[in-house]
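What follows is a single structure, written as structure tokens, with notes after it.
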Amino acid sequence: MQTLKAFIFLFVFSAFSFVNAQKIGVVDTEYILGMLPQYKEAEARLNSQIDTWQNDLQNQQSEYERKRAAFENEKVLLIGDQLRLREKEVLDLEKNIKTTTSLRFGSTGEISKLRANLMTPFQDQIWAAIQRMSEKNGLGMVLDKTDNNVIFLQKRYDYTDKVLDILLKGTDKEKKSKK
């Protein structure tokens, strides 16, 4: 009798635990971003700006190298104020290059800020689409494959395409309304 009660309790307990189990889904946000045409356009604009800044920095660097070499060659001929003036000019160029590099390319530079501003609206769109998809499919938890924390995934648990469909349906509607 004790064994029968224990067996029934175990059966009921396991039945309830299966009922309360959460469904888990996985999405690949990096893949989703790569498939969004608006993101590709915004990233192309950002990369264009970065290229422009890199070219400016290379021009400054060449000018610095040229003036430094000229200063080194003429150093023995210069005296007094001329020497200090030319040396200050070379040092100012070097300082300007370092400042520009840190302001634009540093960890808290303009590129980091622009990239963050670029990503925020797309992350918000993806987040909203994931919420809708998870509510529609009854998912209790959604993981991101981009973080490389998923070791194995069966295709039926990958909801990336469903999230992408939600996002792209919005852009298709916008295109039709513009026509």
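Just so you know, all these numbers are worked out from the coordinates, no wet-lab data involved. Bear in mind the structure is a predicted one, so any value in this text is a computation, not a measurement. Here Cβ is always computed from backbone atoms with ideal geometry, including for glycine, and neighbour counts include all displayed protein chains.
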### Summary
With a 31 Å threshold on alpha-carbon distance, the violating pairs from 23/113; 113/136; 113/169; 75/98; 75/113; 40/155 are 23/113; 113/136; 75/113
### Message
At 7 Å along Cα-to-Cβ for each site, give me the label-to-label distance between residue 103 and residue 137 in nm.
### Response
4.7
### Query
Between residue 123 and residue 60, what length in nm is gained on full extension when 0.36 nm per residue of separation is reduced by their alpha carbon distance?
19.1 nm
